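Each remark here refers to the structure printed beneath this line.
The values are calculated or read from the model by the stated rules, or taken from the named source; none is laboratory data. Keep in mind that what you see is a predicted model, and the values were worked out from it rather than measured. As a convention, Cβ positions derive from the backbone with ideal geometry for all residues, glycine included, and neighbour counts pool all protein chains shown.
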Amino acid sequence: MAIVLFGSPGSGKGTQAKLLSQCLGIPHVSTGDMLRERIRAGADLGPAAARMHSGELVRDELVNRLVEERLSQPDAASGFILDGYPRTVAQGEHLNEWLDARCVAEVVVHLKVDYNSIIARLTGRRACPRCGTLYNLSTKPPKVDELCDLDGEKLIIREDDQEEVIRRRLEAYEQQTRPVLDFYRDAGTRLVEVDASSDPPQKVFERICLAINGHDRAQDCR
Ligand code: ADP
């Protein structure tokens with residue numbers, strides 16, 4: 001089964017994708033992570049790095065290719081969780097063709113979060129520059145102010161979490177990504193809406209499991 005986690009930046013897609021991946025034993029495929037990994041490894045992705053730094057989306061052809069390559073790996077044969085893809089209607093069309101050609105069923109999980117919570121989450125996000133652990137000053141603060149719990153390194157604000165960049169990421173979501181919901185509605189794709197505004201990640205996870213399975217699959221994973 002293909003699970004598409006859909007939601008604005010800061011809606012908790014990454015956190016929920018990890019929980020689902022552990023529970024279901026299928027890979028978590030994040031286009032943001034794949035792009036960052038390639039840039040870190042020195043791949044020449046043309047203007048993609050600059051676009052990411054400024055909060056704009058990268059070209060559809062590039063992400064479509066990365067996703068296709070990833071989904072063709074053997075570990076994705078029995079299912080996968082998409083996080084951050086599709087983000088444009090063109091990507092949604094491309095994905096649907098790929099899935100239809102392989103008769104893979106798809107469920108889209110829309111994580112709904114109110115605007116104020118999104119702003120608080122995005123502006124409070126901190127990362128450890130050494131080990132990559134993510135924190136949030138409002139929802140998951142480090143034990144010692146601004147220092148990583150694991151290695152004591154001073155936490156940083158990711159470049160695309162700077163205020164101006166956050167504004168552009170939210171704009172890109174409203175203009176290019178939100179219309180993907182209507183695309184899915186029109187296509188008759190199975191779409192479930194989950195309230196992800198204020199409850200802790202585990203609670204949201206239980207809600208997702210209920211919505212996609214009709215029972216509390218999270219219980220099986222505890
Ligand atoms: P967030 O969901 O918090 O914005 P991501 O890690 O998913 O963060 O994405 C970071 C950046 O990577 C995006 O702002 C965009 O530039 C690029 N990106 C990720 N996924 C896609 C995609 N499917 N299409 C176009 N650009 C993408």
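In the set (1) near the ligand (Cβ under 10 Å from one of its atoms); (2) at pLDDT below 95; (3) under 18 Å from the mean Cα position of the chain (by Cα), THR15 fails one condition alone, (1). Exactly one residue out of ARG36, ARG65 is within 8 Å of the ligand (Cβ to nearest atom) and either assigned to a helix (DSSP H, G or I) or of a type in the set (D, E, K, R) (or both): that is ARG36.
For region 53-69, state whether one or more residues are modelled with pLDDT under 95 and farther than 25 Å from PHE183 by Cα. The answer is yes; a qualifying residue exists.
Just one of the listed residues (TYR115, TYR184, TYR85) is at pLDDT below 90 and aromatic (Phe, Trp, Tyr), and it is TYR115. Does GLN202 satisfy being of a type in the set (S, T, N, Q), closer than 16 Å to THR15 by Cβ, assigned to a helix (DSSP H, G or I) and at pLDDT 90 or above? Yes, satisfied. Between GLN73, GLN176, the distinction of being over 17 Å from the mean Cα position of the chain (by Cα) and among the polar types (S, T, N, Q) belongs to GLN73 only. Taking first residues from region 6-25 that are outside any loop (DSSP other than H, G, I, E, B) and partners that are among the acidic types (Asp, Glu) and within 11 Å of the ligand (Cβ to nearest atom), the Cβ contacts under 6 Å between residues at least 6 apart in sequence or on separate chains come to LYS13/ASP83; GLY14/ASP83; ALA17/ASP83. In the set (1) in contact (Cβ under 8 Å) with a residue 24 or more places away in the chain; (2) assigned to a loop (DSSP other than H, G, I, E, B), VAL58 fails one condition alone, (1). Cβ separations smaller than 6 Å between residues 6+ apart or across chains give the following pairs from region 117-140 residues that are of a type in the set (Val, Ile, Thr) to residues that are within 15 Å of the ligand (Cβ to nearest atom) and in a loop (DSSP other than H, G, I, E, B): ILE118/SER8; ILE118/GLY10.
Of everything listed in (1) surrounded by fewer than 16 Cβ atoms within 10 Å (Cβ to Cβ); (2) within 14 Å of the ligand (Cβ to nearest atom), the single unmet condition for MET52 is (1).
Please work out which residue is nearest to SER198 (Cα to Cα), limiting yourself to region 9-23 and to residues that are in contact with a strand residue (DSSP E or B) (Cβ under 8 Å, 6 or more places away or on another chain) and surrounded by fewer than 21 Cβ atoms within 10 Å (Cβ to Cβ). Restricting to residues being in contact with a strand residue (DSSP E or B) (Cβ under 8 Å, 6 or more places away or on another chain) and surrounded by fewer than 21 Cβ atoms within 10 Å (Cβ to Cβ), the top hit is GLY14.
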